[in-house]
1. Can you list residues from other chains, or at least 5 along the same chain, whose modelled amide H is less than 5 Å from the amide H of T38?
2. In whole Hz, with x marking every Gly and Pro, tabulate ³J(HN,Hα) for the range 108-118 from phi via Karplus 6.51 cos²θ - 1.76 cosθ + 1.60, θ = phi - 60°.
3. Please turn the phi angles of the range 139-152 into ³J(HN,Hα) values with the Karplus equation 6.51 cos²θ - 1.76 cosθ + 1.60 (θ = phi - 60°), one per residue in order, whole Hz, x for glycine and proline.
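Just so it is clear, none of the values below were taken in a lab; they were calculated from the coordinates. Note that the structure is predicted; figures quoted are calculated from it, not measured.
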Amino acid sequence: MKSFCLAAAAFVAMLAGVQTGSASTFTVASESAFNAQTTGAMTTGFDTVTGLDFGDLTCPGSGSCFAGFNPVTLDHGITLSTTPGDHVNVNSAGYYGAGDLAHQYAVNAETHFVVITLPSAVTAFGLDFGTLFNASTASFTLSNGFSATNIATLGSLQTQFIGFISSVAFNQITLTVPDDASFVVADVTTATAVTPIPGTLPLLVSALGGLGVLGYRRQRVGRTG
């Protein structure tokens, strides 16, 4: 019986090690799914940043700006930055006409990536993103090492949501699009992940149940023997 208990303890310890030792990051494609698995969500947009309006001296009527900010500083200490010497634009609503977004947004100028830096590490982050003209792809890299690549975009200033939920905190998110595309970031959301049930927990429960039945049978055999 003693050897059985030791074996059971070792088995449980092994499962517990797998459970606590494995970190996971996953994505969700809707705000409802993101909100269901997080708490304290806080969305920050670009409406407090002075946009580069069509016709300004920094963008003289061409519709193509090569000026802007680096970094862009938002409320709550969130920044967007790119290659030193280059810029991130903030376009006013209606910048590209009737098909434009209804609120201000960030779009790249020379470079095709943006680094979103948070004032402190979080375990959940989401954003509305897209590409400016043509449908393309987008890739994301988090400072905790997670990456999601070649995510299809809708193009034509249509944005979509992606959320990252992790057991390992991160404070930077890098969005990259191909050289023939231009990224769009409409807003960003920070939150705290609700700890998911570890994937090994059902296995652990089943194992404990099986070991319990086995122990009961051995005790019963010993009494009747």
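1. Those lying under 5 Å, H to H, from T38 are V194.
2. Ordered by residue, 3J(HN,Hα) equals 6, 9, 7, 9, 10, 8, 9, 9, 9, 10, 9 Hz.
3. Computed from phi, the couplings for the range 139-152 are 10, 10, 10, 9, 5, 8, x, 6, 9, 10, 10, 6, 7, 5 Hz.
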